[in-house]
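Asks: I'd like to ask you about the structure that follows.
The numbers here are math on the coordinates, done by the rules we state, and not lab data. Keep in mind it's a predicted model, so treat the numbers as computed, not measured. Cβ sites come from the backbone with ideal geometry, for glycine too, and all protein chains shown count toward neighbours.
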Amino acid sequence: MADGSPRSSSNLLPGRRALGRVRRQAAHTLRRASVSRRELPDFLIVGTQKGGTTSLHEYLAEHPRVSPPVTKEVHYFDHAHHRGDEWYRAHFRTTTRPDEISGESTPYYLFHPLVPELVARDLPDSKLIVILRNPIDRAFSHHNHEQALGYEELAFEEAIAREPERLEGEEERILDDPRYRSFSHQHHSYLSRSRYADQLEQWFRHTDRDRLLILSSEDLFEDPRTVIAATQRFLGLEQNTPRDLTARNARSYSPIDDDLRAHLSREIESDNQRLYELVGRDFGWT
């Protein structure tokens with residue numbers, strides 16, 4: 001029986017989410033009616049997670065020649081490739097000028113084992129952008145992000161220790177069944193997703209290196225104007241500096257324990273050296 005008291009927000013939240021999904025699905029269905037006038041993306045920001053992809057995506061979206069997708073992370077090549085080309089096109093706006101370009105940003109693409117080959121096949125002329133961050137900082141930020149979402153209950157040190165167990169066999173399952181979605185592979189891959197050389201080698205097997213722009217997260221936030229200008233040149237855009245250069249999705253949290261940082265740095269040192277040799281740049285991570 002109703003008692004006249006307002007319902008709690010926690011009780012309302014599932015209903016709001018369901019309503020939001022219904023509205024998004026309806027809007028997507030309407031966009032599919034005009035899919036013939038929607039182009040596939042000209043560029044992808046493929047990762048890394050917690051490396052500044054949201055910031056760069058929004059900086060680029062301010063350019064008058066860039067048409068952003070309806071949602072930043074479409075997750076087509078990792079989660080929804082079976083839905084087909086029309087499903088993907090419906091996430092992009094109809095073009096309003098002939099020199100307009102579009103792009104999307106899904107940072108799981110860099111790590112997902114099936115994506116490099118699918119992108120090479122479906123978007124052979126697209127340009128690809130990778131933003132790499134100090135691997136220990138990235139892993140720690142990733143862990144804090146998953147805890148904030150409610151996807152992680154373990155403390156950082158324990159989560160790192162249990163990562164091999166959690167990820168065991170998951171990549172093989174993805175390769176065996178492209179529709180398989182591994183929760184741990186996406187959400188609990190803290191140190192694995194910070195081993196960048198492994199991931200880039202997969203991309204280089206399928207993509208010419210001149211199609212890949214590899215950026216530094218630290219450079220992006222220390223000197224955003226220079227990095228944005230370089231990215232715009234890579235995409236064939238005239239320089240256009242965004243009005244707001246503050247970092248997006250920035251969070252504050254307690255620092256990582258010094259001893260644990262030193263231990264993880266030693267563990268990942270050889271991976272960093274492989275990366276420096278692979279891309280011809282020392283990122284200076286210690």
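Asks: When the helix-only estimate is applied to the chain (DSSP H runs of n ≥ 4, each -39,500 (n - 2.57), divided by the residue count), what is the mean residue ellipticity at 222 nm, nearest 500 deg cm²/dmol?
Replies: After summing the helix terms and dividing by the residues of the chain, the value is -14500 deg cm²/dmol.
Asks: With an 8 Å Cα cut-off and a minimum separation of 6 or more residues, compute the relative contact order for the chain in percent.
Replies: 22
Asks: Between residue 180 and residue 71, what is the label-to-label distance in nm when each label sits 7 Å out along the Cα-to-Cβ direction?
Replies: About 2.4 nm, to one decimal.
Asks: Sticking with this one: In the set (1) 28.6, 90; (2) 20.1, 69; (3) 22.2, 68, which value of Rg and Dmax of the Cα atoms in Å was calculated from the structure you see?
Replies: (2)
Asks: Just the number, please: percent antiparallel of the DSSP beta bridges in the chain, rounded to the nearest 5.
Replies: 5
Asks: Provide the FRET efficiency to the nearest 0.05 for the residue 286-residue 97 pair, computing r from the beta carbons and using R0 = 41 Å.
Replies: Calculated transfer efficiency: 0.30.
Asks: For residue 229 and residue 205, what is the calculated FRET efficiency with R₀ set at 30 Å and r taken between the beta-carbons, to the nearest 0.05?
Replies: Efficiency, from the Cβ-Cβ distance: 0.50.
Asks: Sticking with this one: ³J(HN,Hα) across the range 235-252 via Karplus (A = 6.51, B = -1.76, C = 1.60, θ = phi - 60°), whole Hz, x for Gly/Pro?
Replies: Taking θ as phi minus 60°, the curve returns 8, x, 9, 6, 5, 8, 7, x, 5, 10, 9, 6, 5, 9, 6, 6, 10, 9 Hz for the range 235-252.
Asks: How would you order 205-211, 108-114 from highest to lowest mean count of nearby Cβ atoms within 10 Å?
Replies: Going by the mean number of other Cβ atoms within 10 Å, highest first, we get 108-114, 205-211.
Asks: Please list, ordered by chain and number, the residues whose modelled amide H lies under 5 Å from the amide H of residue 213; skip anything fewer than 5 residues away on the same chain.
Replies: 128, 129, 130
Asks: Residue by residue through the range 99-111, what is 3J(HN,Hα) from phi via Karplus (6.51 cos²θ - 1.76 cosθ + 1.60, θ = phi - 60°)? Round to whole Hz and write x for glycine and proline.
Replies: 9, 6, 10, 10, x, 9, 9, 10, x, 6, 4, 4, 8
Asks: Can you give the FRET efficiency for residue 161 and residue 121, using 1/(1 + (r/R0)^6), R0 = 35 Å, r = Cβ-Cβ distance, to the nearest 0.05?
Replies: Step by step, r from the Cβ atoms, then E = 0.40.
Asks: Looking only at the range 198-239, which residues have a backbone nitrogen under 13 Å from a spot 7 Å from the Cα of residue 274 in the C-beta direction?
Replies: Zone members listed by number: 198-203.
Asks: Please get the size of the charge dipole for the chain, origin at its Cα centre, with Cβ charges of +1 on Lys and Arg and -1 on Asp and Glu, quoted in debye to the nearest 20.
Replies: That gives a dipole near 1660 debye.
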